[in-house]
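Let me begin by presenting the structure, written as structure tokens, before commenting on it.
The values are calculated or read from the model by the stated rules, or taken from the named source; none is laboratory data. These numbers were taken from a predicted model, which means no experiment stands behind them. As a convention, Cβ positions derive from the backbone with ideal geometry for all residues, glycine included, and neighbour counts pool all protein chains shown. Only protein heavy atoms, including side chains, enter the accessible area calculation; ligands, DNA and RNA are left aside. Shrake-Rupley method; radii C 1.70, N 1.55, O 1.52, S 1.80 Å.
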Amino acid sequence: MSSLPTIAVLISGSGSNLQALIDATQTGKLRAKIIVVCSNRKAAYGLERAAKAGIPTRTFSLKQFKDQGKTRVDFDVYMAKTIQEEYNPDLIVLAGFMHIVSPEFLSFFPRQNIINLHPALPGQFDGAHAIERAYEAYKQGKIQHTGVMVHKVIADVDRGQVILERPIPIEDKDTLEDLENRIHSIEHEIIVEGAQKFLDELSA
């Protein structure tokens, strides 16, 4: 059997989507190996999830760079260079990574092998607070449903080529928490399917 393709996962928080990826690699649903989990927050619980699964972790601190008089671009270059030179993954998955990567970061990955999970459909609610904004739009009668997508990462936030998308209904009785829970459960499926689809196309 040929060696499995490799994945680096970038996180900022609890890492529930990371856990979905870890579980999928262990069951064989995702035919890949996660070789590193990187976080821009040292307190991110996702780092513990990775450690429990025996996956190496790295933490990158923007504050540390700024305290040294360096810029956000310096930080992005250092982070990208480290990931590329030390790990050279086939795929990078942004799974709740709350740091908008710069063109300088992206320049280290000319194969466009970075994907992101976003809790909205293409062209709707780009950027932060997408679920809350969709919920408000539904209450105002502007939309009937929302969704989630996995897309390639480009310099324009949430505008890269869509790999997978899935509509998600909004019910009249929904609280914001109901909608968040429904979206998160679908996210855990689509992030795995999106990663596998990207890797399948890579080897096609």
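Things worth noting here:
- Rounded to the nearest 20 debye, the dipole size of the chain about its Cα centre is 520 debye, using +1 on the Cβ of Lys and Arg and -1 on the Cβ of Asp and Glu.
- Global form of region 21-137, assessed from the alpha-carbon gyration tensor, a/c cut-off 1.5: rounded
- GNM top mover of L176, L106, L121 - the chain, alpha-carbon springs below 10 Å: L176
- Region 91-139 versus region 1-71: alpha-carbon centroid distance in Å: 17
- When a 1.4 Å probe is rolled over the protein heavy atoms, the share of accessible surface on region 1-111 that falls to carbon and sulfur comes to 52 percent.
- Prolate/oblate/rounded label for the chain (Cα gyration tensor, a/c 1.5): prolate
- Looking at region 111-183, the accessible area is 51 square angstrom per residue; that uses a 1.4 Å probe and ignores ligands, DNA and RNA.
- The loop-placed trypsin sites (Lys or Arg not before Pro) in region 59-156, going by DSSP, that have at most 13 neighbouring Cβ atoms within 10 Å of their Cβ come out as R111, K142.
- Selection from A130, L47, A20, by position along the positive dipole direction of the chain (Cβ): L47
- On the principal axes of its alpha-carbon atoms, region 116-169 has extents of 31, 19, 13 Å, going from largest to smallest.
- Shape class of region 64-120 from the alpha-carbon gyration tensor: oblate, with a/c at 1.5 or above and b/c at least as large as a/b.
- Taking the DSSP bridge list for the chain and keeping only pairs wholly inside it, about 40 percent are antiparallel.
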